1. Quick one: is B:Ile155 surrounded by fewer than 21 Cβ atoms within 10 Å (Cβ to Cβ) and either facing another protein chain (nearest Cβ under 10 Å) or of a type in the set (A, V, I, L, M, F, W, C) (or both)?
2. Of all the helices (runs of 4 or more DSSP H) wholly in the stretch B:97-152, which have at least 1 residues that are touching a residue at least 40 places away in the same chain (Cβ under 8 Å)?
3. Please verify whether A:Ala182 is of a type in the set (A, V, I, L, M, F, W, C), closer than 30 Å to A:Lys84 by Cβ, out of contact with any helix residue (DSSP H, G or I) (no Cβ under 6 Å at 6 or more places or on another chain) and not in a helix (DSSP H, G or I), treating the condition exactly as stated.
4. Please report, ordered by residue number, the helices (runs of 4 or more DSSP H) entirely within the stretch A:86-139 with at least 1 residues that are under 18 Å from A:Thr228 (Cβ atoms).
5. Any chance the stretch B:122-142 includes a residue that's at the interface with another protein chain (Cβ under 9 Å from one of its Cβ atoms) and within 21 Å of the chain's Cα centre (by Cα)?
6. Restricted to the stretch A:221-254, and to residues that are within 29 Å of B:Met99 (Cβ to Cβ) and in contact with a Lys or Arg (Cβ under 9 Å, 6 or more places away or on another chain), which residue is surrounded by the most Cβ atoms within 10 Å (Cβ to Cβ)?
7. Which of the numbered conditions does B:Glu249 fail, given that it passes all the others? Conditions: (1) under 29 Å from B:Ile269 (Cα atoms); (2) surrounded by fewer than 24 Cβ atoms within 10 Å (Cβ to Cβ).
8. Here are the criteria: (1) more than 10 Å from every other protein chain (Cβ to nearest Cβ); (2) closer than 23 Å to B:Gly115 by Cα; (3) not in a loop (DSSP other than H, G, I, E, B). Tell me which single one B:Lys190 does not satisfy.
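The values are calculated or read from the model by the stated rules, or taken from the named source; none is laboratory data. Note that the structure is predicted; figures quoted are calculated from it, not measured. Virtual Cβ from ideal backbone geometry, glycine too; neighbours counted across all protein chains shown.
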Amino acid sequence: MKERREIIVKWMLIGISFLFFIIMLVLPLLEVIVRALADGWDSYCNAISADHTLSALKVTLIATVIALAVNTVFGLAAAWALTKFDFFGRNVLSTLIDIPFSISPVIAGLAFIMTFGRSGWMAPVLDWINQTLGTDIALVFSVPGVVLATIFVTFPFVSREIIPILYAQGSDEEEAAALMGAKGFTIFRKITFPHIKWGLLYGMILCTARAFGEFGAVYAISKTRGETFTLPLEIDALYMTGSADSITQAFAVSSLLVAMAVVILIGKNIVEYYGRKRK
Amino acid sequence: MKKERLKKQHSIIPGRGMTLGITITMLSLFILIPLVSAMLYSFRMSWKDFTELITRPNVTQAFATSIWCSLIAAVINCIFGTILAWVLVRYEFPGKRLMDAMIELPFALPTAVAGITLTKMYSDNGFLGRALERVGIRVSYTRLGIIIAMVFIGIPFVVRAVQPILEKLPAAHEEAALMLGASRFTTFRKVIFPEIMPALLSGFGLALARGIGEYGSVIYISGNSEKNGTQVVSYIIMSKLNSGNVDYEGAAAIALVLLILSFLMLFLINMIQHFAARRTNA
């Protein structure tokens, strides 16, 4: 009697899960593909090879690569500092790193406008630099601004993944190596890195996913279509044009990002698989 | 205790100055200085103007919409997230690996893509929208739509918070409770729920924080109508940045309130995690 009820509960829960899974996750993916191809293959190809799309793809890649590099360097340094040493304010520092996770991305974009924008307090400093060096650097409404906003929203991803691993592993091996006279970088390369490599890769994958898909933060700080727009902004511009054609084009460009998302998910699962196998 | 203090003073591991320097410099440059500037910017407004702006009907309504929708979405996510985590940990069934792999799709899929796709799916020319329309439920351009978008972006937070806890939880505990004659529901409530509670709360907090500040996935499906109460806070902030009627001070002021809300939430999450860590160590 009890066993039968058990089986009923089991399949009921699996059923609920599948229903949720299909409606919330699978159907949206199919919807993108169907709508992207609504006007046929040729217009799909035209949409994804349009000038604006290519320019947006370029900006997206630039922002993603730079954000990834910055966050990796930061993540490694922060994880090392926070787990290997004890210092005043360590918990505060650890909390501050996580700030971007709980802040609206719109605020991230806004913060850079308030700092480097025309009425921001850093604007005179920037003007001075431009005048003395004869350069023409603009940090808002420009590609560097897009990069800054992307760095902001992805900031904690790498450190977040490595810190727990380093905590769990402890510092004994590094201490032993240091006692035997190993240099800092050698210790990192030979002892720490093998422990964290899968976690590092995992954090980098999450960071990439967020970086190429960021919308709110970048939207606040990027206003020129065809120059500073990223792919999500290009999708927004096409969608907001509102005609049936441009909406189909928006979905065509979206399908590029869906493909990137699927690659990310596959990569993430491979990394997770290997990471688990090592344990 | 004594040993720990000793270690504190003479860590022989190199790189303290360099890594701490990089960490603090980068954190200040990319996060803290811009954030503090934004906060200071809102102080350019007088207190009177500030309160006048914050208590404007469309602003208070946007805060109510953001908070309520993200609360409801986070609760829905806790229910479905726990079921999904449970099913993925405890049962074997065809398609399980795929389901497990795709749970994080909302993290990988850009929010703008999610936004326009959900809107079209639930609008009256999308097939789900049409089906729901027939039973009298409208999703696109209503608060229900906002909640659905927030459920979409929040679900991985809860599943990924609860899943590892369930994996570690020995099945023997439940079996013992069931053998002693407890019903399944009682077993869940008394044996399993207390164990996953801290993780569930932290997943709840993360989903909630994400929902309150969410922009990309929400703005298309919401329709952003003041009359229907479907403007969210981040939409209000963004609308003050757009070329037609730029109001940086107003944007900064509303952002400050949202920021304080987010910090309170971050603080709560950290408290919960701290509490949970102490409990498991004891």
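1. Spelling it out, it is not the case that B:Ile155 is surrounded by fewer than 21 Cβ atoms within 10 Å (Cβ to Cβ) and either facing another protein chain (nearest Cβ under 10 Å) or of a type in the set (A, V, I, L, M, F, W, C) (or both).
2. B:105-108, B:111-122
3. When the stated conditions are applied, A:Ala182 passes them.
4. Correct list: A:105-116, A:123-133.
5. No: the stretch B:122-142 contains no residue that is at the interface with another protein chain (Cβ under 9 Å from one of its Cβ atoms) and within 21 Å of the chain's Cα centre (by Cα).
6. Filtering the stretch A:221-254 for residues that are within 29 Å of B:Met99 (Cβ to Cβ) and in contact with a Lys or Arg (Cβ under 9 Å, 6 or more places away or on another chain), the one surrounded by the most Cβ atoms within 10 Å (Cβ to Cβ) comes out as A:Ser254.
7. Only one criterion is unmet by B:Glu249, namely (1).
8. (2)
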